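Heads up, the thing below is written out as structure tokens.
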Amino acid sequence: MAGKACHVLHAPTQRGLTLALGADRMTSALQLKLLMLGVLTYVSYFHVKSILLGRKSRDWRRVKAEVTASGIDCESGTYYPKIIYRYTVNGRDYINDTYTFVGTGQMLKRSVVAVALQNPVGKQIDVFVDPNDPSRSVIIPGAHASSYLSIVFFVLMFGGFAFLPELLNFIWPGCQPNCT
């Protein structure tokens, strides 16, 4: 018997089957948590980056600019003010259209129209220019409360999805795997 491999097959017992199903459920729950953590990290990265850039922009140099085009940009049902402006720093001309770093997704259509109407072509406006990169500028500097609230919203939303199995088990104890 020294050279032969011995294989023993065991039929799964009810307890073994339950343990195996529980392990699969735990693995699925862990996968869901990791997926939600990844999505949250990805989304938060861009929000935090915009907030930090917005906060820095409050200290940037104020420069006069001229509006060269004014209108509304509509992407997938969301309205954004599209204000294109030209400014000069150290004898060099720049053109930009950044209205704010923190987004305008929460603006209503009438607010966007008002912004476009308040910035007609030819109007002189103040823009804030990055001293380290004069090609980067913004009309509305700073970070707004809505930016911080959006991060809280995403944490609650993705955290809620990540812990959905635990939440359901808390509300309906013992209902897993079939809650009917």
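What follows is calculated from the coordinates using simple rules that are stated; it is not laboratory data. Keep in mind that this is a model prediction, so the values were computed, not measured. So basically every Cβ, Gly included, is an ideal-geometry build from the backbone, and we count neighbours across all protein chains shown.
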For this session: Return 79, 94 ranked ascending by Cβ neighbour count within 10 Å, so the fewest neighbours appear first.
Result: 94, 79
Problem set entry | For residue 136, distant residues with modelled amide H under 5 Å away | 130
Exercise. Of all GluC sites (Glu not before Pro) in the stretch 60-167, which ones are in loop regions per DSSP and have a Cβ with at most 13 other Cβ atoms within 10 Å?
Worked result: none
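Loop-only check: which trypsin sites (Lys or Arg not before Pro) in the stretch 40-101 are DSSP coil with at most 15 other Cβ within 10 angstrom? Don't skip to the answer; put the middle values down first.
Details: sites: 49, 55, 56, 58, 61, 62, 64, 82, 86, 92; in loops: 58.
When the trypsin sites (Lys or Arg not before Pro) of the stretch 40-101 are filtered for loop state and at most 15 Cβ neighbours within 10 Å, 58 remain.
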Exercise. For 155, 63, what's the fewest-to-most ordering of other Cβ within 10 Å of each Cβ?
Worked result: 155, 63
Problem set entry | Built amide H within the under 5 Å cut-off of residue 82, gap 5+ | 71, 72, 73
Exercise. Can you pull the three principal axis extents for the Cα set of the stretch 67-168, in Å, largest first?
Worked result: 62, 34, 20
Seminar exercise, completed: If amide H atoms are modeled at 1.01 Å from N in the peptide plane, then the residues at a separation of 5 or more from residue 89, or on another chain, having amide H under 5 Å from its own are 94
Problem set entry | Given 64/109; 33/82; 56/82, the pairs whose alpha carbons are separated by over 30 Å | 33/82
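Using a 10 Å cut-off around each Cβ, can you sort 95, 83 from fewest to most neighbouring Cβ atoms? Working shown, then result.
Working: 95 13, 83 26.
Listed from fewest to most nearby Cβ atoms, that is 95, 83.
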